[in-house]
Amino acid sequence: MKTIISAGIVALSALCAGPAFGQNLNGAGATFPAPIYQKWFQEYKTAHSSVQINYQPIGSGGGISAMTEGTVDFGASDMPMTDEQIGKLKVRPLHFPTVLGADVITYNLPGVSGALKFSGDTIANIFLGKIAKWNDPKIAADNPGVKLPSTDIVVAHRSDGSGTTFVFCDYLSKVSPEWKSKVGASTSVTWPVGLGGAKNDGVAGIVKQTEGAIGYVELVFAVQNKMAFADVKNAAGKFVTPSFASVTAAAQASKDLAADFRGSITNAPISSYTWLLIPSQIQDAAKKKAITDFLGWMLTTGQKDAEPLSYAPLPAAVVAKEKQQIAAIK
Amino acid sequence: MGTPAAAIRPGSKSVSRLSGGDELARAVTMLFALAVLAVAALLIFELWIHSSPAKEKFGLGFLSSTLWNPVTNEFGALPFIYGTVVTSVLALLIAVPLGVGAAIYLSELAAPRLSSILTFLVELLAAVPSVIFGLLAIFTLVPLMRGYIEPALKKTLGFLPLFTGPAYGVSYLAAGVILAVMTFPFIISVSREALLTVPREQREAALALGATKWESTWQVVVPFARLGILGSVFLGLARALGETMAVTMVIGNNPGIHASLLAPGYTIAAVIANEFAEATSDMYRSALVELGMVLFLLTIVINGLARILIVVTTKKGSARA
């Protein structure tokens, strides 16, 4: 009996620990980049069989909490940590952008063919409830030659807290002072108007079913579901069609990214980085090596996985800066 | 464990062994019962501890504030309490007459064969996961509401503040209707059981006194099964209060208080499910946990009221008898 039990324990622990002397890393956080993270960790394991990285997509908030409580080796977030949040951590975290995601403006306006064009200010006013009809002069001004109906605008937004909402509101806060003071940017906000739908499909559902509806969804989602989405005016005054290439280009051109990688891109298309949060000090030498090796791999080989999985890869300048930051992990 | 004194006495050995078994069973089952209590206590403790930052900051004002702003970290529960109560009450208003009526038909009036088939189907319906009902609601109920039901309500009853404003489809009303659909299998199932336990003699006595079939059912059988029927209603109410997925898919998730049933709203369970994963600040999380506690208390209060109602009506019943 005893031998059976101990044999069982040995077998169990072998199952849990994987190969002998392997390095286990545990992370948790954002759900938006979870598909590419899972792929990366799996691929990395195939190439480096001694390193097993486990990732729990529990949400950005959960990832930051887990970092604060020290229950994970690294976190992940769609929203850079605030100074207050960083202050609560024993070890200062470093932000490593991994890929870019973009939001698009999708709408349901029968009778209008071709992509509509919006300037940032107009989008903000629509989501503030100040522009309530589709034939508003401000929308017409951006879309010369398009015959706009007098339909009421129905705003659709995410009801669940999400990085998508943060990216969108962060953009609106930058283009509209009024949005910044009245609403602000977070993973969920107090919407002045509109209907909330859960996840991308919830918003898409409202937009598809409601004539005159307008909402925002992830670029990936809009592409996969063949939804109409708008061109957005960038800081240079040009209308840009959202695509993976234009997102990376906008990120490349953006001068807004802070030295510690916290911050986002003001330019259209509406897009943002998503971050891995890595402690700046790692006591365990083996663990430190595993993490820094992985980061190096992610910035080079890993980036090739971005587009097939519908994320925009990092611009070269950011990759170069991040490589320097890896050395800052002590 | 066993009492040695009893074991020494000849002849009583088997009795003592039996009573030892009884004690053991008593202890074990008591442990199980206490485990349930312990879970409830732990739940309250955890909710209390994790909601303390919000309790300290907002105090009782949390219950009456209508502000819900994660950006400025200001939180209030009133729109969610309102949405939860309104949708649950709506659901019961629709589901109770339907459910009790159907239960009466199934237990009293339907042919036995038909009754058993229908009962089976009802029980099947009760086992459908709520997210399936949510999908049903999104793809059929919401377009129906927007296209036909809400415009019709506005046209006929639009003079009431209850039926004003634009018809988006997603609304308190849609949530109430889908909750009614979800609760009424429970009401039918439990009410039917209660009606079936009414002794045959009761019906026969009523019929012998010259009552018609309907009079005997409505005036004798239903009052006799009153407790069970009430129980079914509160079971349904409990499901309606705590339902999350199906509600969030059709209620519009708008944290405001609107008199119109056609307006979008929000419920406690829905906001917790929607916002918890991405709640990034401690105060935000704590406010969501406090909302959980409010829902818990709301359920306790409503259950308490239910108990009182049962006690009061039972007394009345016995006095009349």
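Does B:R192 satisfy the criteria of being crowded, with 18+ Cβ neighbours inside 10 Å, within 14 Å of chain A (Cβ to nearest Cβ), within 30 Å of B:V131 (Cβ to Cβ) and basic (K, R)?
So B:R192 does not fit the description; no.
Being touching a Pro at 6+ places or on another chain (Cβ under 8 Å) and either surrounded by 16 or more Cβ atoms within 10 Å (Cβ to Cβ) or within 14 Å of chain B (Cβ to nearest Cβ) (or both) is the filter here, so list the residues in the range A:28-49 that pass it.
Matches in the range A:28-49: A:A28, A:G29, A:A30, A:T31, A:A34, A:Y37.
Would you mind telling me which numbered condition in (1) at pLDDT 85 or above; (2) surrounded by 22 or more Cβ atoms within 10 Å (Cβ to Cβ); (3) of a type in the set (S, T, Y) A:S264 fails?
So the condition that A:S264 fails would be (1).
Mind checking which residues of the range A:188-203 are touching a His at 6+ places or on another chain (Cβ under 7 Å) and under 18 Å from B:G256 (Cβ atoms)? Quick ask: steps written out before the conclusion?
In the first step, residues of the range A:188-203 are kept if they are touching a His at 6+ places or on another chain (Cβ under 7 Å); the result is A:191, A:194, A:196, A:203.
Selection gives A:W191, A:G194, A:G196.
Quickly run through the range B:123-158 and pick out the residues that are among the polar types (S, T, N, Q) and surrounded by 13 or more Cβ atoms within 10 Å (Cβ to Cβ).
So in the range B:123-158, the residues among the polar types (S, T, N, Q) come out as B:130, B:140, B:156.
Scanning the range B:123-158 gives a single hit, B:S130.
Quick check: is even one residue across the range A:230-240 surrounded by fewer than 24 Cβ atoms within 10 Å (Cβ to Cβ), free of Cβ contacts under 8 Å to residues at least 12 places away in the same chain and within 14 Å of chain B (Cβ to nearest Cβ)?
No: the range A:230-240 contains no residue that is surrounded by fewer than 24 Cβ atoms within 10 Å (Cβ to Cβ), free of Cβ contacts under 8 Å to residues at least 12 places away in the same chain and within 14 Å of chain B (Cβ to nearest Cβ).
With the condition kept exactly as written, say whether any residue in the range A:155-162 is more than 10 Å from chain B (Cβ to nearest Cβ) and either under 27 Å from A:G205 (Cβ atoms) or not aromatic (F, W, Y) (or both).
Let us first name the residues in the range A:155-162 that are more than 10 Å from chain B (Cβ to nearest Cβ), namely A:155.
Filter again for either under 27 Å from A:G205 (Cβ atoms) or not aromatic (F, W, Y) (or both), leaving A:155.
Taking every residue of the range A:155-162 in turn, at least one turns out to be more than 10 Å from chain B (Cβ to nearest Cβ) and either under 27 Å from A:G205 (Cβ atoms) or not aromatic (F, W, Y) (or both).
Conditions first: (1) modelled with pLDDT of 85 or more; (2) hydroxyl-bearing (S, T, Y); (3) buried (at least 18 other Cβ atoms within 10 Å of the Cβ). A:S254 passes all but one, so which condition is the exception?
(1)
Where the second residue is hydroxyl-bearing (S, T, Y) and part of a helix (DSSP H, G or I) and the first is in the same structural domain as B:I300 (by TED's automatic domain parsing) and touching a residue at least 12 places away in the same chain (Cβ under 8 Å) and lies in the range B:67-89, which pairs have Cβ atoms under 8 Å and are six or more apart or on separate chains?
Partner pairs satisfying both residue conditions: B:P70/B:Y284; B:N73/B:Y284; B:F75/B:Y284; B:G76/B:S64; B:L78/B:S64; B:G83/B:Y172; B:V86/B:Y172; B:T87/B:Y172.
Are any residues in the range B:238-284 assigned to a helix (DSSP H, G or I) and of a type in the set (S, T, N, Q), and if so, which ones?
B:T248, B:N274
Here are some conditions: (1) of a type outside the set (S, T, Y); (2) more than 28 Å from B:L298 (Cβ to Cβ); (3) in contact (Cβ under 8 Å) with a residue 12 or more places away in the chain. B:L235 meets all but one. Which one does it not meet?
Among (1) of a type outside the set (S, T, Y); (2) more than 28 Å from B:L298 (Cβ to Cβ); (3) in contact (Cβ under 8 Å) with a residue 12 or more places away in the chain, B:L235 violates only (2).
Out of everything in the range A:189-221 that is more than 20 Å from B:A174 (Cα to Cα) and either in a strand (DSSP E or B) or aromatic (F, W, Y) (or both), what residue ends up being nearest to the other protein chains (Cβ to nearest Cβ)?
It comes out as A:W191.
Looking at A:A258, A:A228, A:A251, A:A316, which one is under 20 Å from the mean Cα position of the chain (by Cα) and either of a type in the set (S, T, N, Q) or within 30 Å of A:G202 (Cα to Cα) (or both)? Outline the logic, then answer.
On the way: A:A258 fails: either of a type in the set (S, T, N, Q) or within 30 Å of A:G202 (Cα to Cα) (or both); A:A228 fails: under 20 Å from the mean Cα position of the chain (by Cα); A:A316 fails: either of a type in the set (S, T, N, Q) or within 30 Å of A:G202 (Cα to Cα) (or both).
Of A:A258, A:A228, A:A251, A:A316, the one residue that is under 20 Å from the mean Cα position of the chain (by Cα) and either of a type in the set (S, T, N, Q) or within 30 Å of A:G202 (Cα to Cα) (or both) is A:A251.
Could you please tell me which pairs satisfy a Cβ distance under 7 Å, a separation of 6+ or placement on different chains, a first residue in the range A:139-167 that is in a helix (DSSP H, G or I), and a second residue that is among the basic types (K, R)?
A:D142/A:K117; A:T164/A:R158; A:T165/A:R158
What do you reckon, is A:K182 out of contact with any helix residue (DSSP H, G or I) (no Cβ under 9 Å at 6 or more places or on another chain), within 23 Å of B:P79 (Cα to Cα) and within 13 Å of chain B (Cβ to nearest Cβ)? Working first, answer last.
Details: out of contact with any helix residue (DSSP H, G or I) (no Cβ under 9 Å at 6 or more places or on another chain): yes; within 23 Å of B:P79 (Cα to Cα): yes; within 13 Å of chain B (Cβ to nearest Cβ): yes.
Considered against the rule, which asks whether it is out of contact with any helix residue (DSSP H, G or I) (no Cβ under 9 Å at 6 or more places or on another chain), within 23 Å of B:P79 (Cα to Cα) and within 13 Å of chain B (Cβ to nearest Cβ), A:K182 comes out as yes.
The values are calculated or read from the model by the stated rules, or taken from the named source; none is laboratory data. Model, not experiment: these values are computed from the prediction. Neighbour counts are summed over all protein chains in view; Cβ atoms, including those assigned to glycine, are modelled from backbone coordinates with ideal geometry.
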